[in-house]
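Working notes, beginning with the structure itself.
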Amino acid sequence: DSGVTQTPKHLITATGQRVTLRCSPRSGDLSVYWYQQSLDQGLQFLIQYYNGEERAKGNILERFSAQQFPDLHSELNLSSLELGDSALYFCASSVVLSPDTGELFFGEGSRLTVL
Amino acid sequence: GQQLNQSPQSMFIQEGEDVSMNCTSSSIFNTWLWYKQDPGEGPVLLIALYKAGELTSNGRLTAQFGITRKDSFLNISASIPSDVGIYFCAGFLYGGSQGNLIFGKGTKLSVKP
């Protein structure tokens with residue numbers, strides 16, 4: 001158990017819909033990262049928050065947005081869903097600002113299926 | 001943007017055999033990391049490398065940060081069934097356009113019992 005909690009674990013929805021994925025980081029971790037894992041695509045970095053503020057942005061679509069709340073939990077919002085958005089979405093947390101100076105602890109992921 | 005080429009994509013090995021996988025890039029990285037993902041779980045950090053030429057071991061795992069800073073390899077000695085999973089290399093570049101870790105596409109390891 002990494003200490004990172006993601007909900008829901010599985011989600012099935014239709015194209016055009018909007019969903020929210022939630023992440024609770026390890027206690028004390030200030031950094032939260034979101035990654036998308038698709039078949040044959042590995043882990044694609046989406047966005048990072050540190051202590052409530054956006055820290056780094058990757059290949060995140062404009063239809064996607066995220067935020068980190070004062071209690072440090074984070075939410076990833078996916079809207080106008082398309083079939084290609086079906087993937088495993090991981091949240092990771094770290095106590096440090098930069099992912100190379102401290103280990104990232106990953107949650108078990110939220111599997112999104114868009115039909 | 002930066003890309004990591006990880007190989008092989010998958011491999012089947014006999015229990016007890018040694019395993020080798022590597023990661024290459026056209027870009028120079030400051031840090032190389034190796035993560036393992038077990039089925040149904042998130043990736044877990046195995047080894048972190050911070051200096052060119054650095055060789056680091058973690059039990060049966062050995063990883064090296066290439067001298068050119070453009071590659072890294074991971075060796076697993078005397079493989080056992082619990083080594084099954086997907087191994088990811090990840091590189092970090094200060095000031096990179098993505099400003100974060102870049103992951104390879106993974107090496108799926110399957111062990112024949």
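Tabulated data for the structure shown
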item: Near pairs, Cβ below 8 angstrom, 6+ apart or cross-chain, from segment B:1-21 (closer than 21 Å to A:Leu39 by Cβ) to any residue that is modelled with pLDDT of 95 or more and part of a loop (DSSP other than H, G, I, E, B); result: B:Met21/B:Pro8
item: Failed criterion for A:Gly16 (all others in (1) of a type outside the set (Val, Ile, Thr); (2) modelled with pLDDT of 95 or more; (3) outside any strand (DSSP E or B); (4) surrounded by 15 or more Cβ atoms within 10 Å (Cβ to Cβ) hold); result: (4)
item: Boolean, B:Leu74 is within 11 Å of chain A (Cβ to nearest Cβ), under 10 Å from the mean Cα position of the chain (by Cα) and surrounded by 14 or more Cβ atoms within 10 Å (Cβ to Cβ); result: no
item: Number of the condition not met by A:Ser2 [criteria: (1) over 14 Å from A:Gly109 (Cα atoms); (2) assigned to a loop (DSSP other than H, G, I, E, B)]; result: (1)
item: Test: residue in segment A:30-48 that is charged (D, E, K, R) and free of Cβ contacts under 8 Å to residues at least 24 places away in the same chain; result: yes
item: Residue within segment A:56-65 that is facing chain B (nearest Cβ under 10 Å), over 22 Å from B:Gly40 (Cα atoms) and surrounded by 19 or more Cβ atoms within 10 Å (Cβ to Cβ) present; result: yes
item: Search result, residues across segment A:43-90 that are aromatic (Phe, Trp, Tyr) and at pLDDT below 95; result: A:Phe45, A:Tyr49, A:Tyr50
item: Tally of residues being facing another protein chain (nearest Cβ under 9 Å), surrounded by 14 or more Cβ atoms within 10 Å (Cβ to Cβ), in a loop (DSSP other than H, G, I, E, B) and of a type outside the set (D, E, K, R) across segment B:30-58; result: 3
item: In segment B:7-18, the residues that are modelled with pLDDT under 95 and within 14 Å of another protein chain (Cβ to nearest Cβ); result: B:Gln9, B:Ser10
item: Top-ranked residue in segment B:19-29 [being modelled with pLDDT of 95 or more and under 18 Å from B:Leu93 (Cβ atoms); ranked as farthest from the other protein chains (Cβ to nearest Cβ)]; result: B:Thr24
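Results for (1) in contact with a Leu (Cβ under 7 Å, 6 or more places away or on another chain); (2) open to solvent by 10 Å² or more (accessible area, probe 1.4 Å); (3) charged (D, E, K, R); (4) more than 8 Å from chain B (Cβ to nearest Cβ), shown as yes or no for each residue.
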position: A:Trp34; (1), (2), (3), (4): yes, no, no, yes
position: A:Gln44; (1), (2), (3), (4): no, yes, no, no
position: A:Gln48; (1), (2), (3), (4): no, no, no, no
position: A:Pro70; (1), (2), (3), (4): no, yes, no, yes
position: A:Ala87; (1), (2), (3), (4): yes, no, no, yes
position: A:Ala92; (1), (2), (3), (4): yes, no, no, no
position: A:Ser110; (1), (2), (3), (4): yes, no, no, yes
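The values are calculated or read from the model by the stated rules, or taken from the named source; none is laboratory data. Please read these numbers as outputs of a predicted model, since none were measured by experiment. In this analysis, Cβ positions are derived from the backbone assuming ideal geometry, glycine residues included, and neighbour counts consider all displayed protein chains. What goes into the accessible areas is simple: the full protein's heavy atoms, side chains included, and nothing from ligands, DNA or RNA. Shrake-Rupley method; radii C 1.70, N 1.55, O 1.52, S 1.80 Å.
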